[in-house]
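Pasting a structure below so you can have a look.
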């Protein structure tokens, strides 16, 4: 059965841009359609509201800002993908990051999931609560974790 | 991503001179300005005070976390101060504040900022951490305490 779709999880950081470039590189090599998913982290906003660090109006403002950042980021990746003639679709979601990424991966029946390098864990708690760890462990399809980010730029230029 | 990646002993004031909320915010912003990453101190203070006007960041347990995103800073900055006499932050529980954590971020780093705020909130909900925090006498000691709890939060809260 031929591979058809790849999904990449992005968070709007410079590191995420590198992850996206590697995903575009792989999608081009393998001839796959690429989906990029950006999730507005509603859980962290709720936590900050509950702990009274945020007030309601503030949390809503951050939510709007994160949505806007997500749109801009996905648009940027779209342009990069188009410049390499890779079929692309950006998806903006809200909720718990790992849950949303896994749900979308299943829904799209993605063949490969690409994600950024996971942070070094310092405690057992992080194994359960780190969003990257959860995506890695719950993914229904093979996962590519992008490392050696210094080399990605060269690979991206090659295609 | 850890708090101690951003909080340095140079940004810890063990005995704040401030007696009011505004003075405390200005004192902590001044210490962060020594990093060279604050482009406009007054604007940074203005953003923090504007946020306070929406509602106090005195979250209870004698702790306040004033915060704001602003173009006046590069990256993400955290300072911490302790006040022996206590400061009126108009906290939700009506108590004066003895510990103030001030956080500023460039709006480009929002996701990181939110995660750090959440991590700090979890840590400060831990009574054992707060008790140990109150006893530490130096900036180095504070950083070591944060590292200890970041390394093993489960053991630390049992």
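What follows is calculated from the coordinates using simple rules that are stated; it is not laboratory data. Please read all numbers here as calculations on a predicted model, not as lab measurements. A quick note on method: Cβ atoms are made from the backbone with ideal geometry, for glycine too, and the neighbour counts reach across all protein chains shown.
For helix A:149-158, report the angle its Cα long axis makes with the longest principal axis of the Cα atoms of chain A; keep it between 0 and 90° and round to the nearest 10°.
40 degrees
Once you compute Rg and the Kirkwood Rh from C-alpha atoms, what is the Rg to Rh ratio for the protein assembly as shown?
1.02
Further question: Summarise the partner chain shielding of B:67-73 as one whole number: the mean count of Cβ atoms from other chains within 10 Å of each residue's Cβ. List each step's numbers first, then the result.
Working: counts 4, 1, 3, 0, 0, 0, 0.
Per residue, the average neighbour count from other chains is 1.
When the scattering of region B:1-91 is computed by the Debye formula from its Cα atoms alone, each counted once and equally, what is log10 I(q)/I(0) at q = 0.15, 0.18, 0.19 Å⁻¹?
For region B:1-91 at q = 0.15, 0.18, 0.19 Å⁻¹, log10 I(q)/I(0) is -0.54, -0.80, -0.89.
Taking N as the number of residues in region B:68-140, what is its alpha-carbon radius of gyration divided by 2.2 N^0.38 Å?
1.23
So what is the relative contact order of chain A, in percent, for Cα pairs below 8 Å that sit 6 or more residues apart?
After rounding, I find 32 percent.
What distance in nm separates the two pseudo spin-label positions at residue B:88 and residue A:138, each 7 Å out from Cα along the beta-carbon direction?
Each label point is offset 7 Å from its Cα along the Cβ direction, giving 4.7 nm.
Ok, one more. For chain B, what's the relative contact order in percent, using C-alpha pairs closer than 8 Å and at least 6 residues apart?
The normalised contact order for chain B reaches 27 percent.
Restricting to region B:3-153, what percent of DSSP beta bridges are antiparallel, rounded to 5?
Roughly 60 percent of the beta bridges in region B:3-153 run antiparallel, per DSSP.
Return A:18, A:145 ranked ascending by Cβ neighbour count within 10 Å, so the fewest neighbours appear first.
A:145, A:18
Shielding by partners for B:115-128, please: the mean number of other protein chain Cβ atoms within 10 Å of each residue's Cβ.
Working: counts 4, 1, 6, 9, 2, 2, 8, 4, 0, 2, 1, 0, 0, 0.
Per-residue shielding by partner chains comes out at 3.
How large is the Kirkwood hydrodynamic radius of region B:3-153, in angstrom, based on all distinct alpha carbon pairs?
One decimal place: 15.2 Å for the Kirkwood radius.
Å³ per residue of the Cα convex hull, for region A:5-154?
111 Å³
Moving to a separate point now. Modelled label-to-label distance, residue A:68 and residue A:145, 7 Å Cα→beta-carbon offset: nm?
Output for this residue pair reads 3.5 nm.
Could you list B:120, A:155 in order of exposure, starting from the residue whose Cβ has the fewest other Cβ atoms within 10 Å?
Least crowded to most crowded, the residues run A:155, B:120.
Oh, and also: Kindly state, to the nearest 0.05, the FRET efficiency for residue B:137 paired with residue B:74, given R0 = 30 Å and r defined as their beta-carbon distance.
Values: r = 31 Å, r/R0 = 1.03.
For residue B:137 and residue B:74, the calculated efficiency is 0.45.
Still on this structure: Rounded to the nearest 10 degrees, what's the angle between the helix A:56-83 long axis and the longest principal axis of chain A, both from Cα atoms, 0 to 90?
Here the helix axis deviates by roughly 0 degrees.
Along the Cα→Cβ direction, 7 angstrom out, place labels at residue B:128 and residue A:46. What is the inter-label distance in nm?
2.7 nm
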